[in-house]
Amino acid sequence: MDFNTEEINRLIKSRRSVFVDQFSEQKIDKSIIQQLLENANWAPSHGKTEPWRFFIFTGEGLQKFADFQAGLYKKITPPESYSEAKFTKLKTKPLKASHIIAIAMARQESEKIPEIEEIEAVACAVQNIYLTATAYGVGGYWGSGGVTYWEEAKEFFGLGAKDKLLGFFYLGYPKDKPGEGKRGDISEKVEWIEE
Ligand SMILES: Cc1cc2nc3c(=O)[nH]c(=O)nc-3n(C[C@H](O)[C@H](O)[C@H](O)COP(=O)(O)O)c2cc1C
């Protein structure tokens with residue numbers, strides 16, 4: 001193999017979640033977004049189901065997405081739990097991104113592969129997006145808040161009852177260099193069985 005393993009190790013370790021308030025105004029070139037998606041498509045999937053589905057919002061599309069999620073929140077939230085601040089956040093946060101990728105899992109028609117494995121495959125695809133973004137100096141993060149797990153949100157994306165919406169990948173250029181990450185020691189999460 002002719003990969004620079006040191007560079008790959010450094011890339012993986014320097015991947016950070018960069019949140020919308022850390023984004024600059026600069027827009028990401030479409031060719032970079034296409035490369036993120038191309039690399040996502042090379043994720044593994046059991047039975048080669050390739051269950052990842054992506055919906056890309058940018059430009060006026062961001063406003064469309066913002067209006068949709070704020071509108072849905074207003075429509076289905078009972079008055080006693082409704083928060084105007086949450087409504088405003090849903091309406092304005094998307095506009096701070098260069099692009100938003102809605103992440104979904106398309107359930108296999110036969111349902112032969114366990115659902116959890118289809119979700120795992122999508123997560124592998126999202127990690128490819130994370131790492132590719134890092135390599136291009138693009139910031140972003142996988143957010144699973146807002147309307148992510150609301151059944152009522154699926155229709156907007158044309159998803160069926162057995163498909164799943166898994167969140168939103170917000171993308172933008174970081175204003176500042178992302179900080180160092182922190183992890184507990186891997187040895188605490190691993191057990192070696194050698195004999
Ligand atoms: C499935 C998934 C869902 C996530 N959802 C959110 C979220 O809703 N809000 C958020 O701030 N971060 C979310 N994150 C990002 C984490 O906050 C982030 O990965 C964690 O803080 C570790 O930071 P790092 O990615 O920079 O290493 C999510 C990450 C994953 C994998």
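Computed from the coordinates by the stated procedures, all read-outs in this text should not be read as laboratory data. A quick note: this is a predicted structure, and the numbers were derived from the prediction, not measured. Cβ coordinates were reconstructed from backbone atoms using ideal geometry, including for glycine residues, and neighbour counts include every protein chain displayed.
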- Message: If I take every Cα pair under 8 Å that is 6 or more residues apart in the range 106-195, average their sequence separation and divide by the length, what percent do I get for the relative contact order?
- Response: 29
- Message: For the range 124-147 and the range 1-74, what is the centre-to-centre distance using only Cα atoms, to the nearest Å?
- Response: 4
- Item | For the chain, size of Cβ-based charge dipole, Lys and Arg +1, Asp and Glu -1, in debye | 920
- Message: From Cα pairs below 8 angstrom and at least 6 apart in sequence, can you work out the relative contact order of the range 25-126, rounded to a whole percent?
- Response: 47
- Item | Translational diffusion coefficient (Stokes-Einstein; Kirkwood radius from C-alpha pairs) of the range 95-194 at 37 °C, 0.692 mPa s, in µm²/s | 206
- Once amide H atoms are built 1.01 Å from N in the peptide plane, which residues 5 or more positions from residue 169, or in another chain, come under 5 Å H to H? 101, 102, 103, 143
- Query: From the backbone phi of the range 78-95, what are the Karplus-calculated ³J(HN,Hα) couplings (6.51 cos²θ - 1.76 cosθ + 1.60, θ = phi - 60°) in whole Hz, Gly and Pro given as x?
  - Reply: x, x, 5, 10, 5, 10, 5, 5, 5, 4, 4, 5, 5, 7, 10, 4, x, 6
- Of the GluC sites (Glu not before Pro) in the range 1-62, which ones lie in a loop per DSSP and count no more than 16 other C-beta atoms within 10 Å? 25
- Would you grab the residues whose amide H sits under 5 Å from the one on residue 163? Only those 5+ places off in sequence or on another chain, please, with H modelled 1.01 Å from N. 107
- Residue-by-residue Karplus 3J(HN,Hα) for the range 46-53, coefficients 6.51, -1.76, 1.60, Hz, glycine and proline x: 5, x, 6, 7, 6, x, 6, 9
